[in-house]
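Below is one structure, written out as structure tokens, with a few remarks after it.
The values are calculated or read from the model by the stated rules, or taken from the named source; none is laboratory data. Computed from a prediction, not measured in an experiment: that's the story for all the values here. All Cβ positions, glycine included, derive from the backbone under ideal geometry; neighbour counts span all protein chains shown. When the accessible area is computed, the model is the full protein with side chains, heavy atoms only, and any ligands, DNA or RNA have been set aside. Shrake-Rupley method; radii C 1.70, N 1.55, O 1.52, S 1.80 Å.
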Amino acid sequence: QLVESGGGLVQPGGSLRLSCKASDNTFKILNMAWFRQAPGKGRESVAVVSRSHDTYYADFVKGRFTISRDDAANTVILQMNSVKLEDTAVYYCNGGASMTGAPGTYWGEGTQVTVSS
């Protein structure tokens, strides 16, 4: 089970920190990822972190977002900086994703991020 937290309302240019807590140690062996889905659009990959802490980022977040993992705490973090209006979406934690951004089997329920002035 994956549980996201940290979503909310943020102004353009601001920062937000999303957290995903895994229920057990199973997820330590998996690549972990964040996806997002904006209103009226499909779900898209945002960032992936491997067991060895290699990372993949979608072009639209490179240089702004940072993904990291703390396996001791079974937690994956998405640090969002310099957010834009178009970052508004429901953000989902995913377990088992590929390093090219294809989703894995395990999903959280999502956390809403709204960027608005």
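Quick notes
- Flag if residue 51 is at pLDDT below 95 and either in contact with a Lys or Arg (Cβ under 9 Å, 6 or more places away or on another chain) or closer than 14 Å to residue 72 by Cα (or both): yes
- Checked against (1) surrounded by 22 or more Cβ atoms within 10 Å (Cβ to Cβ); (2) assigned to a strand (DSSP E or B); (3) among the small types (Gly, Ala, Ser), residue 97 passes all but condition (2).
Every residue, every condition in (1) open to solvent by 30 Å² or more (accessible area, probe 1.4 Å); (2) farther than 18 Å from residue 116 by Cβ, yes or no:
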position: 5; (1), (2): yes, yes
position: 15; (1), (2): yes, no
position: 20; (1), (2): no, yes
position: 35; (1), (2): no, yes
position: 42; (1), (2): yes, yes
position: 47; (1), (2): no, yes
position: 68; (1), (2): yes, yes
position: 78; (1), (2): no, yes
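- Filter result for residue 26 (in a helix (DSSP H, G or I), among the polar types (S, T, N, Q), modelled with pLDDT under 95 and in contact with a strand residue (DSSP E or B) (Cβ under 9 Å, 6 or more places away or on another chain)): yes
- Verdict on residue 40 being at pLDDT below 95 and either closer than 15 Å to residue 20 by Cα or assigned to a loop (DSSP other than H, G, I, E, B) (or both): yes
- Residue in the stretch 58-65 that is open to solvent by 20 Å² or more (accessible area, probe 1.4 Å) and part of a strand (DSSP E or B) present: no
- Of the residues examined, residue 72 is one that is of a type in the set (A, V, I, L, M, F, W, C), open to solvent by 20 Å² or more (accessible area, probe 1.4 Å) and without any contact (Cβ under 8 Å) to a residue 12 or more places away in the chain.
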